[in-house]
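One structure is given below, encoded as structure tokens.
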Amino acid sequence: MDQAPDRTHEGTMRRALLSIVTPFYNEGEGVHAFFNELYEELEKIPDIDWEVVAIDDGSRDNTFNLLLDHSHRDGRIKVLELSRNFGKELALKAGLDHISGDVAIVMDADLQDPVYLIPGMLQQWRNGFDVVLGIREDRSSDTRLKRWTSSAFYTLFNMISDTQIPVNAGDFRLMDRKVVEILGTMNECNRFNKGIFAWVGFRTTSLPYVRPIRLIGQTKWNFIQLLLLAWQGVTSFSAFPLKLLTVGGLFLCIVTFIYGSFLIFDTLILGGDVPGYPSIMVTILFFSGVQMLSLGIVGEYIGRIYSETKKRPPYVIRKIHQQKHESHQHQDHRSIHTFGDHPFHPTHFRHHQT
Ligand code: UDP
Ligand code: MG
């Protein structure tokens, strides 16, 4: 079990470093508000140093320039410029791969993950927990449809998946460095963070919060994208759809066998009456449908295997921006991991292509 003293780095010369990891995609309107709130909160917390790893996920508005402004003003802000939009799941992976901290907190850019939870999360970390989840207590800020589909999703997912994901936990969470390092070794490109985060385990606790509505900018997800994410989650963490096929196929075979026996009996013994066209058509159509469906689901998994076997990097960073003293980030990304006076362990340096 982890000891609290280890967390506060007692006996060493340095204070613990907290990394705030935040993905930004077209959040231009909210960048200033985000940093203002964050600064205000972080400055209140004693005994901690902090950095922000801001990922620009291929924004098309002025998000990147605003982030760069902040990073020029404050060396604690590191900006990862992805080469295009990779989506939140991969943007987060990029960010987590580049933290220098002893502990990381993942939060959205739109202030829907309230900063006031940070001190509580850190307290739990100091108490020895490796993961502290922010649990959405009241989802009244979501539409009724979103609430209903999300609760259906959690129920279904936890029924059919080996990995149980905590209900109403988003990506907003604190993770100890060792958890982040394990995540760094998981390079799947078809990424479902909720599942991956849950899969690694570790000592976990949670803090409830009420999720405010988005005040600035707009949500980046539409209903179809959420459905696709849910499907991604199910097929990444469960072979249940495949098993369903086997069972369904077997069931259909049995039914067909009984029906076929009945037809033979009907024709041979009772003499039958119709030439058989309707039943043949119905059977052919029905089973073509079943076959297509089956092929589709099998294809889905083969598609996954295909894209994972290519071993493409999950994301591509165009450049890492950070105001630095002696380091030359552009030539050597490693150098940026020496932050301030603190000797940090190097994190993972995969997939760097500029
Ligand atoms: N985001 C991202 N890449 C994307 C979509 C979203 O980095 O392709 C970021 C976005 O900027 C925000 C976070 O992911 O910081 C959550 O997005 P959003 O608020 O739209 O999601 P919601 O809160 O509606 O689930
Ligand atoms: Mg949001």
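The values are calculated or read from the model by the stated rules, or taken from the named source; none is laboratory data. Fair warning: this is a prediction, and the values are worked out from it, not measured in the lab. All Cβ positions, glycine included, derive from the backbone under ideal geometry; neighbour counts span all protein chains shown.
Please determine whether any residue of region 111-126 is among the β-branched types (Val, Ile, Thr) and buried (at least 20 other Cβ atoms within 10 Å of the Cβ). Within region 111-126, one or more residues are among the β-branched types (Val, Ile, Thr) and buried (at least 20 other Cβ atoms within 10 Å of the Cβ).
In contact with a Cys (Cβ under 9 Å, 6 or more places away or on another chain) and touching a residue at least 40 places away in the same chain (Cβ under 8 Å): does that describe LEU90? Lay out the reasoning, then the answer.
Working: in contact with a Cys (Cβ under 9 Å, 6 or more places away or on another chain): yes; touching a residue at least 40 places away in the same chain (Cβ under 8 Å): yes.
In short, yes.
Of ILE99, ILE105, ILE77, all but one fail to be closer than 22 Å to PRO212 by Cα, touching a strand residue (DSSP E or B) at 6+ places or on another chain (Cβ under 7 Å), among the aliphatic types (A, V, I, L, M) and surrounded by 20 or more Cβ atoms within 10 Å (Cβ to Cβ); the exception is ILE105.
Under the condition of being in contact with a Phe, Trp or Tyr (Cβ under 9 Å, 6 or more places away or on another chain) and of a type in the set (A, V, I, L, M, F, W, C), the residues counted in region 237-264 number 4.
Mind listing whichever residues of region 134-163 are among the polar types (S, T, N, Q), part of a loop (DSSP other than H, G, I, E, B) and closer than 20 Å to LEU242 by Cβ? Walk me through it before giving the result.
So in region 134-163, the residues among the polar types (S, T, N, Q) come out as 140-141, 143, 149-151, 155, 158, 161, 163.
So of that shortlist, the ones also part of a loop (DSSP other than H, G, I, E, B) come out as 140-141, 143, 161, 163.
Of everything in region 134-163, those that are among the polar types (S, T, N, Q), part of a loop (DSSP other than H, G, I, E, B) and closer than 20 Å to LEU242 by Cβ turn out to be SER161, THR163.
Scanning region 215-255 for residues that are polar (S, T, N, Q), loosely packed, with under 13 Cβ neighbours inside 10 Å and away from ligand 1 (no atom under 16 Å from the Cβ) turns up just one, THR246. Counting only helices (runs of 4 or more DSSP H) that sit wholly inside region 18-110, those with at least 2 residues that are in contact with a helix residue (DSSP H, G or I) (Cβ under 9 Å, 6 or more places away or on another chain) and over 20 Å from ILE317 (Cα atoms) are 31-44. Taking the criterion of being of a type in the set (Gly, Ala, Ser) and assigned to a helix (DSSP H, G or I), would at least one residue in region 114-133 satisfy it? There is at least one residue in region 114-133 that is of a type in the set (Gly, Ala, Ser) and assigned to a helix (DSSP H, G or I).
Residues checked against (1) more than 16 Å from ligand 2 (Cβ to nearest atom); (2) closer than 30 Å to ARG60 by Cα; (3) part of a loop (DSSP other than H, G, I, E, B):
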site: LEU215; (1), (2), (3): no, yes, yes
site: LEU227; (1), (2), (3): yes, yes, no
site: ILE258; (1), (2), (3): yes, no, no
site: ILE264; (1), (2), (3): yes, no, no
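Name the single residue that is nearest to VAL31 (Cα to Cα) among those in region 114-128 being in contact with an Asp or Glu (Cβ under 8 Å, 6 or more places away or on another chain) and modelled with pLDDT of 90 or more. For region 114-128, the residue satisfying everything is VAL115.
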